[in-house]
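Colleague: Sharing a structure below in structure tokens format, with a few things to ask.
The values are calculated or read from the model by the stated rules, or taken from the named source; none is laboratory data. Owing to the predicted nature of the structure, the values given are computational and were not obtained by experimental measurement. Methodologically, a virtual Cβ is constructed for each residue, glycine included, from the backbone with ideal geometry; neighbour enumeration extends over all protein chains shown. Just the protein is used for accessible areas: all its heavy atoms, side chains included, with ligands, DNA and RNA removed. Shrake-Rupley method; radii C 1.70, N 1.55, O 1.52, S 1.80 Å.
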Protein chains: 6
Amino acid sequence: MNTVFVNGLVCKNPKDAKPEDFFFPGLDKASDTSKNPGSNVTLVNVEKIVGLNTLGISLARIDFAPNGGLNPPHIHPRATEVLTVMEGTLYVGFVISAPDFKLFSKVLNKGDVFVFPKGLIHFQFNIGAVPAVAFAGLSSQNPGLVTVAKAAFGSNPPISDDVLAKAFQLDKKTVDWLQAQFWNSS
Amino acid sequence: MNTVFVNGLVCKNPKDAKPEDFFFPGLDKASDTSKNPGSNVTLVNVEKIVGLNTLGISLARIDFAPNGGLNPPHIHPRATEVLTVMEGTLYVGFVISAPDFKLFSKVLNKGDVFVFPKGLIHFQFNIGAVPAVAFAGLSSQNPGLVTVAKAAFGSNPPISDDVLAKAFQLDKKTVDWLQAQFWNSS
Amino acid sequence: MNTVFVNGLVCKNPKDAKPEDFFFPGLDKASDTSKNPGSNVTLVNVEKIVGLNTLGISLARIDFAPNGGLNPPHIHPRATEVLTVMEGTLYVGFVISAPDFKLFSKVLNKGDVFVFPKGLIHFQFNIGAVPAVAFAGLSSQNPGLVTVAKAAFGSNPPISDDVLAKAFQLDKKTVDWLQAQFWNSS
Amino acid sequence: MNTVFVNGLVCKNPKDAKPEDFFFPGLDKASDTSKNPGSNVTLVNVEKIVGLNTLGISLARIDFAPNGGLNPPHIHPRATEVLTVMEGTLYVGFVISAPDFKLFSKVLNKGDVFVFPKGLIHFQFNIGAVPAVAFAGLSSQNPGLVTVAKAAFGSNPPISDDVLAKAFQLDKKTVDWLQAQFWNSS
Amino acid sequence: MNTVFVNGLVCKNPKDAKPEDFFFPGLDKASDTSKNPGSNVTLVNVEKIVGLNTLGISLARIDFAPNGGLNPPHIHPRATEVLTVMEGTLYVGFVISAPDFKLFSKVLNKGDVFVFPKGLIHFQFNIGAVPAVAFAGLSSQNPGLVTVAKAAFGSNPPISDDVLAKAFQLDKKTVDWLQAQFWNSS
Amino acid sequence: MNTVFVNGLVCKNPKDAKPEDFFFPGLDKASDTSKNPGSNVTLVNVEKIVGLNTLGISLARIDFAPNGGLNPPHIHPRATEVLTVMEGTLYVGFVISAPDFKLFSKVLNKGDVFVFPKGLIHFQFNIGAVPAVAFAGLSSQNPGLVTVAKAAFGSNPPISDDVLAKAFQLDKKTVDWLQAQFWNSS
């Protein structure tokens, strides 16, 4: 057998591996932030760099449109995120578990670092008039992304509107309208 | 030094430990489901049984009011959940990560078992006319609980309504109204 | 390559996975406890629910015959167990490691919860006149089961009777007799 | 606070640590094997070398009396063991989990290596006419030791003889006699 | 007891924790690269952000002097590193384990990403005429740093020159001279 | 599908596994120590015993030539090592991480045990006039081996001599000469 798999991914013999298996280019390029809600994540995970397999880390660049570009409330099921701001001004935060549901938020400027612990809802919001850029390390080669509003109102197939109306204290007409919208997930 | 701590909790000398350190009573008692959204979780975690420390498991009983008792969409940041229905009929589901945001749902009857993987949004909803009861194992002695709607709209202090309006595609007046509601978290 | 394996088991593409991959029915059914030693375990592990793979948890229902149904002393090499009594009265216990070999035991009634830490010998014994039922969460998708008496006296091929006679302080004739018995393993 | 604890043990500042914190002498000395069942384990774990804390390994020397010195069937709840024979001839084995309960055994001579997987019952038995010596690595700084016969018949307090009689298919008089014996645990 | 410790570090009650416990400023500032070998690492680990404890990740900024600023061959005992170049041109590489000792190297420009697997010797070298800057995520809240040349020739106390002369195939006079130098460790 | 893989290695059905899958002979044989630097490691890892897969431990025998046989400074990226001296006298040590780079060293005699923590540079040196022998347990089934001098000066292809000259404070002529040598790796 010539092909060996680990974690469901090809594991090369070191003799056949190349530097390119540990490489990915282009993280200096801004990505398009014109679509709602105004942010775009370029995630360098094990799908981009096969050499990351089993190594428990990935890297991301996040671009934000000026005046309100938003990386909406989301969760990484398998990773803590440590972010630093390269350009711009971000209002960021995360909410801790029950029973406190306390919000830890902060306005970050260039060079500031903030931690978003594994499995907690967090967001980043560009409150400046210029594009913002952040880089982040994540503690998994495959962090996963659960965008809360899209998972709730934009799943396929949809969650019963009875559930959502009761959970979000919305009338079913509003829920139905929300479920009919397009939900982007940066 | 007489007191030894592990994971921030007291770790007893085996000579001093008692069977009661591995015991908790009363999981046969239904808990009150009269408050919105109509469910109540009794979680037997390391706070209830100190002997669970470091052992990576906990147990829960969940009671549901008849005709729509809901354990609203939530996430356990540190645990997968395996649930079985003791009484009643539950519509349950979870939504997977980007890019698919696919809903895996099912109607469960007495004796059915379902898995909710770690870090994913999931819910259970009583679609029967009688009270429902479920038991669940969770793969952490301290699973954590992030009720999505409460974390988004009921955090303390609140998340900026600019963020929530954009993330949920709601107008700010609706967001402000939602933030003024009381958010229970079973 | 179409088939991806993780942990030696098929790992489906999320696009192909179905709710049934996270589902197992029938845990409300009592299983037969008429054979010695009078208990029967229905284990819902990764063999029953493929979606449990890598998730570190499983669930079990244990039925006990009235008047002495026994889940005999055994070990789970890869799991801690948290058990709750649904019906009946169980005398349960576990024995800790050297040098103490202390027994932690308790009589459990309906609704009581007890913890059996990973890798320790433990048992449950129905001391009531009616059938007993328990549910348990286990901290592995594949806990393993080492029934002590069967592993010692009923292995295939048998352990040398010199070893067993010395270890158990029995004469070899008794050991040989024991090795000739049928050893059930619930 | 001057004293820092990790895993319930003192964790020294590297500035204060000494080579002796990573050192233990005397593993060349045979230990007494005159007591039943004729073996003696010298375990170099985190209690002997504090520097092993968090490092997941320990080392053991095992001495066996000639003509039947036995390290009786036992389990390490937290460690796999890899053993090599320095002197003598050992009959060794382990029994795997349900449903197979298959015995993997072998006669080992000087220089032979054998693996005993975590959480499985295993034993080593000196079938030679001279003292035997083995060294073993174990995959935990605190492997734990559950000697099966002693845990079953020599726990403190004792397990109910109803349980043991049924589990081991022995009459209660034999169980009571066994429980009255002295159980050594090498 | 008011103070709770985890991993030897203070663990705050969520009620007392503040956003500042998850924050560190100033990563936009270049650090001094004038000292040999011409690089400087600003590591944001658990010593800088207490909220990183148990979360398994840290972040670093690395500055390189123009024309040969070097982050010399080193190892992180507890972390894989994923680095991206913000400014300048770096020649980077790592060497894999025996028996291959193969060098995986590459010239990185702005926006390029490269992985340095846990426990392997790696380096980054500024081959451009302007200062270079890189950011890196590391898969531990406390990665550790073993600068190879300093650990070999600049330890305190020194390693015997017999060992070093033989290991590095150098005469003892050269070893002694090397041991008398000052070894910086960025 | 008949062949199942775990960690990229064949995982046998227990029904097909044999005792030989957990066995390796010959660790009583001294290996050749005549080549520079005068030591030879016989490592019993998962390549030698397939049954070690996933079990997190391996065993090694190390032979040292008299009067200076050296196991040169090296790192195991995935394992802590616990060593005991069977014959002879070894000067051993390891160097801890930045900022201390403190050497922990000791002269070991027969029966002495010493710990070399994961990911730190360590060495063993025979300072006696007779051959020395040691046995070691390592906390991985595949510890890996990074011999520092060989990885630095003997990689394939070579590291740029600009990097090595600067890192080791050597002139490039000396680096070039070193890179032209043969580097053994025991």
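Colleague: Kindly evaluate E:THR147 against the criterion of being at pLDDT 95 or above, away from chain A (no Cβ under 14 Å) and within 13 Å of the chain's Cα centre (by Cα).
Modeller: yes
Colleague: Looking at D:LYS48, D:LYS29 in this structure, which one is in a loop (DSSP other than H, G, I, E, B), under 22 Å from F:ASP112 (Cα atoms), open to solvent by 30 Å² or more (accessible area, probe 1.4 Å) and at the interface with another protein chain (Cβ under 7 Å from one of its Cβ atoms)?
Modeller: Numbers: D:LYS48 fails: at the interface with another protein chain (Cβ under 7 Å from one of its Cβ atoms).
Only one candidate qualifies: D:LYS29.
Colleague: Can you tell me which residues in region E:57-70 are in a strand (DSSP E or B) and open to solvent by 10 Å² or more (accessible area, probe 1.4 Å)? Break it down stepwise before answering.
Modeller: Step one: of region E:57-70, the residues in a strand (DSSP E or B) are E:58-64, E:70.
Passing the criteria: only E:ARG61.
Colleague: For region A:72-79, state whether one or more residues are more than 13 Å from chain E (Cβ to nearest Cβ), under 19 Å from the mean Cα position of the chain (by Cα) and of a type in the set (Gly, Ala, Ser).
Modeller: Looking through region A:72-79, none of the residues is more than 13 Å from chain E (Cβ to nearest Cβ), under 19 Å from the mean Cα position of the chain (by Cα) and of a type in the set (Gly, Ala, Ser).
Colleague: Only one of these conditions is not met by B:GLY154: (1) more than 11 Å from chain C (Cβ to nearest Cβ); (2) buried (at least 20 other Cβ atoms within 10 Å of the Cβ); (3) under 16 Å from B:PHE64 (Cα atoms). Which number is it?
Modeller: (3)
Colleague: Still on this structure, I have one more. Output the residue which, of all residues in region B:166-179 that are in a helix (DSSP H, G or I) and facing chain A (nearest Cβ under 10 Å), is surrounded by the fewest Cβ atoms within 10 Å (Cβ to Cβ).
Modeller: So the residue we want is B:TRP177.
Colleague: Inside region D:32-45, can you point out the residues that are outside any loop (DSSP other than H, G, I, E, B) and open to solvent by less than 40 Å² (accessible area, probe 1.4 Å)? Please lay out each step first, then the result.
Modeller: Here is the first cut: in region D:32-45, the ones outside any loop (DSSP other than H, G, I, E, B) are D:39-44.
D:SER39, D:THR42, D:VAL44, listed by residue number.
Colleague: Taking F:LEU138 as the residue in question, decide whether it is closer than 19 Å to D:MET86 by Cβ, crowded, with 23+ Cβ neighbours inside 10 Å and facing chain D (nearest Cβ under 8 Å).
Modeller: Criteria met by F:LEU138.
Colleague: Condition test on C:PHE114, is it within 9 Å of chain B (Cβ to nearest Cβ), within 20 Å of D:ASP161 (Cα to Cα) and either in contact (Cβ under 8 Å) with a residue 40 or more places away in the chain or not in a helix (DSSP H, G or I) (or both)?
Modeller: Here the answer is no, as C:PHE114 does not meet what is asked.
Colleague: Let me ask something additional. Looking only at region A:122-135, which residues are over 29 Å from A:LEU9 (Cα atoms) and within 7 Å of another protein chain (Cβ to nearest Cβ)?
Modeller: Within region A:122-135, A:PHE123, A:PHE125 qualify.
Colleague: Which one of C:THR54, C:THR89 is over 17 Å from the mean Cα position of the chain (by Cα), within 14 Å of chain D (Cβ to nearest Cβ) and of a type in the set (Ser, Thr, Tyr)?
Modeller: Just a single option satisfies the conditions, and that option is C:THR89.
The rows are residues; the columns are (1) touching a helix residue (DSSP H, G or I) at 6+ places or on another chain (Cβ under 9 Å); (2) more than 15 Å from E:LEU145 (Cα to Cα).
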{"site": "E:LYS48", "(1), (2)": "no, yes"}
{"site": "E:SER58", "(1), (2)": "yes, no"}
{"site": "E:GLY68", "(1), (2)": "yes, yes"}
{"site": "E:PRO72", "(1), (2)": "yes, no"}
{"site": "E:GLU81", "(1), (2)": "no, no"}
{"site": "E:PHE114", "(1), (2)": "yes, yes"}
{"site": "E:LEU120", "(1), (2)": "yes, no"}
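Colleague: Name the residues in region C:92-104 that are facing chain B (nearest Cβ under 8 Å), part of a strand (DSSP E or B) and either more than 24 Å from B:LEU138 (Cα to Cα) or out of contact with any Pro (no Cβ under 9 Å at 6 or more places or on another chain) (or both), would you?
Modeller: C:LYS102
Colleague: Then there's this: Residues to consider are C:ASP16, C:ASP63, C:ASP21; find the one that is outside the structural domain of C:HIS122 (by TED's automatic domain parsing), among the charged types (D, E, K, R) and touching a residue at least 24 places away in the same chain (Cβ under 8 Å).
Modeller: One residue alone meets the criteria, C:ASP21.
Colleague: Condition first: free of Cβ contacts under 8 Å to residues at least 12 places away in the same chain, of a type in the set (A, V, I, L, M, F, W, C) and under 26 Å from C:LYS35 (Cα atoms). Now tell me which residues in region C:147-169 satisfy that.
Modeller: C:ALA151, C:ILE159
Colleague: Also, I was wondering about something else. So, F:GLY51, is that one touching a strand residue (DSSP E or B) at 6+ places or on another chain (Cβ under 7 Å), among the small types (Gly, Ala, Ser), more than 17 Å from D:THR84 (Cβ to Cβ) and at pLDDT 95 or above or not?
Modeller: Criteria not met by F:GLY51.
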